[in-house]
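All remarks here apply to the structure that follows.
Please treat every number below as a calculation from the coordinates, not as lab data. The structure presented is a predicted model; accordingly, all values stated were derived computationally and were not measured. Cβ coordinates were reconstructed from backbone atoms using ideal geometry, including for glycine residues, and neighbour counts include every protein chain displayed.
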Amino acid sequence: MSAGTDWVEGYVKAWETNDADDIAALFTVDAVYEYSPADPEALTGRDAIVAGWLDAPDEPGDWRFTWEILDEHDDLVIVQGRTDYPAAKLYDNLWIIRLAPDGRARRFTEWYMARER
């Protein structure tokens, strides 16, 4: 397995559990989490990321996520995914992840676009 695969699997686990320790394990202390490129409301720092995640958690079973790594090189991981909220919307996702040497994200940027069913 690759560092990128390990990270995405950890992200999905944290998404399923909404456990603060699972979320914190993904990010460096000074990580940045952007909900879109150059996000003016980006979350900065692991504590802020955990708090932001837990402010609006998705409940287990309310969603399905499929994904593949498009590219992984050095510290850069590019992931294409699809998030399906069966009771709501379907989204296409693109994630750009910059990993620290220990495998945690130092920067996470996502793009999500609603898709018609």
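General observations
- Each of Thr66, Thr109 was scored by other Cβ atoms within 10 Å of its Cβ. Arranged with the fewest first, they read Thr66, Thr109.
- 10 Å beta-carbon shell around Val79, net charge (K/R +1, D/E -1): -4
- Overall size of the chain from C-alpha positions, given as principal axis extents largest first: 39, 30, 29 Å.
- Between the residues Ala14, Ala31, Thr66, the greatest Cα displacement towards the positive end of the dipole of the chain, with unit charges on the Cβ of Lys, Arg, Asp and Glu, is found for Thr66.
- Which of Phe65, Phe108 has the fewest Cβ neighbours within 10 Å, and the rest in rising order: Phe65, Phe108
- Taking Cα centre as origin and charging only the Cβ of basic (Lys, Arg, +1) and acidic (Asp, Glu, -1) residues, the dipole magnitude of the chain rounds to 220 debye.
- Residues Tyr91, Tyr85, Tyr33, ranked from the fewest to the most other C-beta atoms within 10 Å, line up as Tyr85, Tyr91, Tyr33.
- Here segment 76-117 and segment 5-71 have alpha carbon centers that stand 9 Å from each other.
- Counting only Cβ charges, +1 for Lys and Arg and -1 for Asp and Glu, the dipole size of segment 28-74 around its Cα centre is about 120 debye.
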